[in-house]
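This report refers to the structure that appears directly beneath it.
The values are calculated or read from the model by the stated rules, or taken from the named source; none is laboratory data. All of these numbers come straight from a predicted model, not from anything done at the bench. Quick reminder, even Gly has a Cβ in these numbers, built from the backbone with ideal geometry, and neighbours come from all protein chains shown. Note: areas computed on protein heavy atoms with side chains; ligands, DNA, RNA excluded. Shrake-Rupley method; radii C 1.70, N 1.55, O 1.52, S 1.80 Å.
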Amino acid sequence: HLLPLLARARMPVVTTLHTVLERPTVGQRRVMNEIVRRSARLVVMTRRSQDVLEAVHGVPRDRVALVPHGIPDTPFLDPKLTKGELGAEGRTVLLTFGLLSPGKGIEHAIRAMPAIVARWPDALYIVLGATHPNLKRREGEAHRNALLRLAAELNVAGHVRFLDRFVDLPTLTRAVAAADI
């Protein structure tokens with residue numbers, strides 16, 4: 001539905017791209033190329049996305065603005081209080097948040113947990129986020145289940161906790177405040 005909308009636009013369009021695929025399918029490439037053609041400027045959140053736009057879609061750097069991911073400026077929250085909300089009192093909390101999908105490196109963090117736990121026995125890795133809706137439609141919870149199995153195989157299941165939900169900004173802010181890493 002996006003391309004017909006862009007075709008009707010009579011003013012300059014600025015498009016913010018959350019994800020830029022390095023190896024798009026033929027259809028994805030066609031759509032992206034049309035978005036690029038119809039956009040006066042593009043905004044990306046990572047230098048890698050900037051590089052991919054240039055290499056894969058031939059977009060000159062002067063058409064791409066980089067606005068890095070960031071976090072809102074929030075007041076200090078006492079980690080002792082916010083850790084309690086996550087059931088992580090007295091633990092050293094490592095946190096990953098966002099929509100769960102492959103490619104985020106969560107499996108690497110889980111593989112590192114045995115060494116981390118050996119040094120910090122109170123370590124708790126919290127993965128906060130619902131499974132990405134597109135992934136869930138295609139594969140259900142196969143990715144999350146594979147990560148849970150990996151934690152169990154490495155004997156760190158008690159040190160890895162998945163909070164399967166989408167959270168609002170105040171809840172996310174409190175979770176970040178609870179994190180040591």
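Residues in the range 117-148 that are of a type outside the set (A, V, I, L, M, F, W, C) and surrounded by 14 or more Cβ atoms within 10 Å (Cβ to Cβ): TYR125, GLY129, THR131, HIS132, LYS136, GLU139, GLU141, HIS143, ARG144.
Restricting attention to the range 151-166 and to residues that are open to solvent by 30 Å² or more (accessible area, probe 1.4 Å) and touching a residue at least 12 places away in the same chain (Cβ under 8 Å), the residue that is farthest from the chain's Cα centre (by Cα) turns out to be ASN155. Taking the conditions (1) closer than 19 Å to PRO102 by Cα; (2) over 17 Å from the mean Cα position of the chain (by Cα) in turn, ARG30 satisfies each one other than (1). Here the range 1-48 is the region considered, the condition is being touching a His at 6+ places or on another chain (Cβ under 7 Å) and hydrophobic (A, V, I, L, M, F, W, C), and the residue that is modelled with the lowest pLDDT is MET45.
For LEU99, indicate whether it is in contact with a strand residue (DSSP E or B) (Cβ under 9 Å, 6 or more places away or on another chain), within 28 Å of HIS159 (Cα to Cα) and open to solvent by 50 Å² or more (accessible area, probe 1.4 Å). It is true that LEU99 is in contact with a strand residue (DSSP E or B) (Cβ under 9 Å, 6 or more places away or on another chain), within 28 Å of HIS159 (Cα to Cα) and open to solvent by 50 Å² or more (accessible area, probe 1.4 Å). Consider the range 102-115 and keep the residues that are open to solvent by less than 40 Å² (accessible area, probe 1.4 Å) and in contact (Cβ under 8 Å) with a residue 12 or more places away in the chain. The one that is farthest from LEU154 (Cα to Cα) is ILE106.
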